[in-house]
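What follows is a set of notes on a single structure, which appears directly below.
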Amino acid sequence: MFVNLQHHRSPAFLVVVAFGSMLLFGFVENLKGAVIPPIRDSFEVSYASIGLMLFIGSAGYLSATFLGGLAGDRYGLKRVIGVGYAFISLAAVGMLAASSFPLLCALMYLLNAGFGCLEVGVNSLGARIFVRNSALMMNLTHFFYGVGSMAGPEYAARMLVGGQPWSHVYALAAIVVLVAFIVLGLARFPSAEEHHAQQRLPIRQVASNPKVWLFVLVIGLLVVVEIGTGNWLVSYLGGTYGMGEGESAQWLSLFFLFFTLGRLFGGYIIERVGYVRSIGVFIIAVVALDVGGFALGRPGVILFSLTGFFISIMYPTFMAMIMKEFPVATSSVMGFVIAAVAAFGMLMNWVVGQTSDLLGVAAGFGSFMLYAILALAFLMVLNRRLTFNKKPAPVAYSSPAN
């Protein structure tokens, strides 16, 4: 019985590529949480040095998202995703030869550059293949990132408990990337890729569009709420209520459980209610739950975890909105927006840290409500400029001449 290669050229097979790439992305990216302690012990470096390593990794991601969008329109998304796989596999195997901390930092830059290529490549691929029910399909795509994010740390923990060195955790993960390479090689991307030269926009033209910057502001603020809640919930619960790390981590795990469920089911709600209206309602729900959590004290902690469901749909839904608002040169716009959001997020995470140092961790955690409200305000401004969700004006009927 022979394999029908035409199946590998079908839209359904490209959906497999998109889902599988995000699964791999989440799996490999979230290995670092488990391997950071053995890395620190292995190289005998300080926490500040680990922070520098993570910052260098973020710089790799930022540069790749910016350049990946431009490359996607010029060279095609298949090449961008393939380069992402190559960077990840080279960095993962290179961990075996990481004899110094500076070399490890360089490998982390390369690894995160691969993640940036996948971020832009997969989201832009969605613009090509998810023509109908874009929000639903983009949320499902990012759901697989969540599945990988849960599986990666579990795999890393089992490897480390079994006595494997941290470098082997990454090196063995490269086998998964090899499988992804094979699948990608069998896939044939949409014919529009053959005419990508017509789909490019100069970066100055993208950056001069006020609508693009409104997308950056809204998405950036909501990403700060998303990532900040995950990063600071444990610190807030410990500092405010004296919870131990185990109990606090349980509430954080519940947050990610609701987050994953939101990615799985939220898209159905969005397609029924509408993109902008759904995001607006979900932002209000996040603020209301946070207010309730603060007002109720310790009995209301579950409300912070529940925000994960409503936060989850924000990012993938905005990617779907960009697809519809910028049907031409989607990769250029996505790459610019994702890179600008990443830079904005790095700045705002520093602001949250400074707020927590100056006013206390409760103030830092509570500032996410302010950022959500600001995002809602900018969303209202953006909505007035959007064209994809506006009904065309009725055309006057004129009877044919006799």
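The values are calculated or read from the model by the stated rules, or taken from the named source; none is laboratory data. These numbers were taken from a predicted model, which means no experiment stands behind them. Glycine gets a Cβ as well: all are built from the backbone with ideal geometry, and neighbour counts include every protein chain shown.
The residue that is surrounded by the most Cβ atoms within 10 Å (Cβ to Cβ), among those in region 364-387 that are within 20 Å of residue 308 (Cα to Cα) and out of contact with any Gly (no Cβ under 9 Å at 6 or more places or on another chain), is 372. Any residue at all in region 327-344 that is farther than 30 Å from residue 132 by Cα and either in the same structural domain as residue 222 (by TED's automatic domain parsing) or not in a helix (DSSP H, G or I) (or both)? Yes, because at least one residue in region 327-344 is farther than 30 Å from residue 132 by Cα and either in the same structural domain as residue 222 (by TED's automatic domain parsing) or not in a helix (DSSP H, G or I) (or both).
Picking from residues in region 39-71 that are among the small types (Gly, Ala, Ser) and under 18 Å from the mean Cα position of the chain (by Cα), the one that is nearest to residue 129 (Cα to Cα) is 69. If you check 286, 328, 337, 333 for being aliphatic (A, V, I, L, M) and within 25 Å of residue 236 (Cα to Cα), only one passes: 286.
Scanning region 339-376 for residues that are touching a residue at least 12 places away in the same chain (Cβ under 8 Å) and polar (S, T, N, Q) returns 349, 355, 356, 367. Is region 352-364 home to any residue that is in a helix (DSSP H, G or I), more than 29 Å from residue 250 (Cα to Cα) and either modelled with pLDDT under 85 or among the acidic types (Asp, Glu) (or both)? So far as region 352-364 goes, no, none of its residues is in a helix (DSSP H, G or I), more than 29 Å from residue 250 (Cα to Cα) and either modelled with pLDDT under 85 or among the acidic types (Asp, Glu) (or both). Residues in region 72-99 that are over 29 Å from residue 14 (Cα atoms) and in contact (Cβ under 8 Å) with a residue 40 or more places away in the chain were compared, and the one that is surrounded by the most Cβ atoms within 10 Å (Cβ to Cβ) is 95. Do we have any residue at all in region 283-300 that's touching a Phe, Trp or Tyr at 6+ places or on another chain (Cβ under 7 Å), without any contact (Cβ under 8 Å) to a residue 40 or more places away in the chain and small (Gly, Ala, Ser)? Looking through region 283-300, at least one residue is touching a Phe, Trp or Tyr at 6+ places or on another chain (Cβ under 7 Å), without any contact (Cβ under 8 Å) to a residue 40 or more places away in the chain and small (Gly, Ala, Ser).
Here's a check for you: in region 100-117, which residue that is under 20 Å from the mean Cα position of the chain (by Cα) and among the small types (Gly, Ala, Ser) is surrounded by the fewest Cβ atoms within 10 Å (Cβ to Cβ)? For region 100-117, the residue satisfying everything is 113. Against the condition under 21 Å from residue 337 (Cβ atoms), part of a helix (DSSP H, G or I) and more than 21 Å from the chain's Cα centre (by Cα), how does residue 74 come out, does it pass? Spelling it out, residue 74 is indeed under 21 Å from residue 337 (Cβ atoms), part of a helix (DSSP H, G or I) and more than 21 Å from the chain's Cα centre (by Cα).
For the condition closer than 21 Å to residue 349 by Cβ and either without any contact (Cβ under 8 Å) to a residue 12 or more places away in the chain or under 20 Å from the mean Cα position of the chain (by Cα) (or both), residue 280 does not qualify. Against the conditions (1) assigned to a helix (DSSP H, G or I); (2) at pLDDT 80 or above; (3) not assigned by TED's automatic domain parsing to the domain that holds residue 329, residue 164 satisfies every one except (1). Condition first: in the same structural domain as residue 233 (by TED's automatic domain parsing), outside any loop (DSSP other than H, G, I, E, B) and at pLDDT below 90. Can you find one or more residues in region 365-372 that meet it? For region 365-372, residues in the same structural domain as residue 233 (by TED's automatic domain parsing), outside any loop (DSSP other than H, G, I, E, B) and at pLDDT below 90: present. Restricted to helices (runs of 4 or more DSSP H) entirely inside region 225-321, no element has at least 3 residues that are touching a Lys or Arg at 6+ places or on another chain (Cβ under 7 Å). Just to check your reading of the model, which residue among 328, 333 is surrounded by 21 or more Cβ atoms within 10 Å (Cβ to Cβ), within 23 Å of the chain's Cα centre (by Cα), at pLDDT below 90 and not polar (S, T, N, Q)? Only one candidate qualifies: 333. Among the residues of region 37-58, are any modelled with pLDDT of 85 or more and of a type in the set (Asp, Glu)? Yes; the residues of region 37-58 include at least one that is modelled with pLDDT of 85 or more and of a type in the set (Asp, Glu). Are any residues in region 180-204 modelled with pLDDT under 70 and part of a helix (DSSP H, G or I), and if so, which ones? Correct list: 191, 192, 193, 194, 195, 196, 197, 198, 199.
The C-beta contact set for region 130-142 (first residue more than 13 Å from residue 261 (Cα to Cα) and among the small types (Gly, Ala, Ser), second residue assigned to a loop (DSSP other than H, G, I, E, B) and at pLDDT 75 or above, distance under 8 angstrom, 6+ apart or interchain) comprises 135/313. Only a single item in (1) touching a residue at least 12 places away in the same chain (Cβ under 8 Å); (2) exposed (fewer than 15 other Cβ atoms within 10 Å of the Cβ) is not met by residue 26, and it is number (2).
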